[in-house]
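The values are calculated or read from the model by the stated rules, or taken from the named source; none is laboratory data. Everything quoted here is computed from the prediction, not taken from an experiment. Cβ coordinates were reconstructed from backbone atoms using ideal geometry, including for glycine residues, and neighbour counts include every protein chain displayed.
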Amino acid sequence: MPFSTAQIAAGANYTLESYAKNDPIDQITVAHRTLDILIQGKEESIFGNGIFNEKLFVSNDSNYQNYSGADQVTYNERDPNRFAKFQYYSNHEGFWFDEDRLIANGISIDDEGVAVPSSTEKVQLVNLFKTSWQALKQGTQEGLALEVLQNGSQSAKAVPGLDHIISTTPGTGDVVGGINASTSTYWRNNASMAIPLNGVVAAMDAMWDACMRYGGGLPTKIVCGQAFLNAYKAEAKIEVNRQIIVTPKGGTALDPGVSTVYYKGLEVVWDPTFELLDAKLGAITYPWTKRCYFINENFLKFRPLPGQWMKKRKPEKLPDRYVTYYAQTSKYGLTAKKRNAHAVLSIA
């Protein structure tokens, strides 16, 4: 049967261009810095009956008292432990090839399994698969990077992410891990919203202190949007950073550019995914580009299920379509065991 224009074009892209010599230059993928942080600290975990229980210590139940001589003292029962319950979620990315597209790329399929592919067919198949898997991988990364930032309201099948666990409105009825933060004050993250542009450092100082007060340690990572980073840079320029560069022709040059920005020894990391999410969501109360997160990795964990992380799939062909399918799936959860160890900030 004759090929369609689209099939011929697809075949030309893979067979006539220089894919065999050079990889295609990625024009669209951005860095996903928050996802990188979560993945680097991931812990494979069992979700018994679909639930992972984070063990919390919520109260001393103290009955501290003074006494003298033979004074009567009292005793009480203690129940200081609670469980925060988190579910796991699943994602999928897949692609398919129909026979005509493969033929347009110089690849023939033999269902009998006895054909020997030519060297040209092998090269074409490798190139086709390489770019297809690259697109699948990057599509998965972008989808997951956007998912772990959102609060889960976009889909009941999506993991409740940073906007859920580190809420912009703590204490207003947030139920995280089955615990209601409006009644359980220990289960509230720190937040400082609508910060004036000349008050960024002061707000960061206040949130740092709040994380230290109950957090059990210092924040370990700081991620933010571009607008917040620019506001922080503008205020931080009170402390001048100059770099003197020796030029090839002799003499020196002055570079006022700032390559890296820090707060209390931690790099303030810009995550371009924040702006991607703003473009997707449109107008919201606290745009992501204006946000900053203090994260303590000891109390926030990305938990893939054993054997279920980035799992390659090869579904069977459908009887009514001459199409070959390929996919990748993952099962994972995002859990917290101390919300007051984290903070979210946003400039006005």
Scanning the range 175-193 residue by residue, the ones that are in contact (Cβ under 8 Å) with a residue 12 or more places away in the chain and either under 24 Å from the mean Cα position of the chain (by Cα) or part of a loop (DSSP other than H, G, I, E, B) (or both) total 13
Could you look through the range 300-320, keep only residues that are part of a strand (DSSP E or B) and of a type outside the set (Lys, Arg), and pick out the one that is farthest from Ser45 (Cα to Cα)? Leu300
Quick one: in the range 46-77, of everything that is in contact with a Ser or Thr (Cβ under 8 Å, 6 or more places away or on another chain) and of a type outside the set (A, V, I, L, M), which residue is farthest from Lys338 (Cα to Cα)? Gln65
Scan the range 222-241 residue by residue and report those that are closer than 16 Å to Gly265 by Cα, at pLDDT below 95 and assigned to a helix (DSSP H, G or I). Lys233, Ala236
For the range 82-89, check the following and say yes or no: at least one residue is at pLDDT 70 or above, of a type in the set (Ser, Thr, Tyr) and either within 30 Å of Lys337 (Cβ to Cβ) or part of a helix (DSSP H, G or I) (or both). yes
Residue set Gln154, Gln138; condition farther than 19 Å from Lys301 by Cα and assigned to a helix (DSSP H, G or I); output residue Gln138
Could you check, for the range 284-295, whether at least one of its residues is touching a residue at least 40 places away in the same chain (Cβ under 8 Å), of a type in the set (S, T, N, Q) and under 30 Å from Arg82 (Cα atoms)? no
Residues being in contact with a Phe, Trp or Tyr (Cβ under 7 Å, 6 or more places away or on another chain), within 30 Å of Gln308 (Cβ to Cβ) and surrounded by fewer than 10 Cβ atoms within 10 Å (Cβ to Cβ) - total across the range 39-78: 1
Step by step: first the residues of the range 33-72, then only those that are of a type in the set (A, V, I, L, M, F, W, C), at pLDDT below 95 and assigned to a loop (DSSP other than H, G, I, E, B), then the one that is nearest to Lys331 (Cα to Cα). Which residue is that? Val58
Please tell me if Leu149 is at pLDDT 95 or above and under 18 Å from the mean Cα position of the chain (by Cα). yes
Count, please, the residues in the range 171-203 that happen to be of a type in the set (A, V, I, L, M) and over 17 Å from Lys338 (Cα atoms). 8
Do we have any residue at all in the range 207-220 that's surrounded by 16 or more Cβ atoms within 10 Å (Cβ to Cβ) and outside any helix (DSSP H, G or I)? yes
Single residue of the range 90-111 satisfying the filter (modelled with pLDDT under 90 and in contact with a strand residue (DSSP E or B) (Cβ under 6 Å, 6 or more places away or on another chain)) that is surrounded by the most Cβ atoms within 10 Å (Cβ to Cβ): Phe97
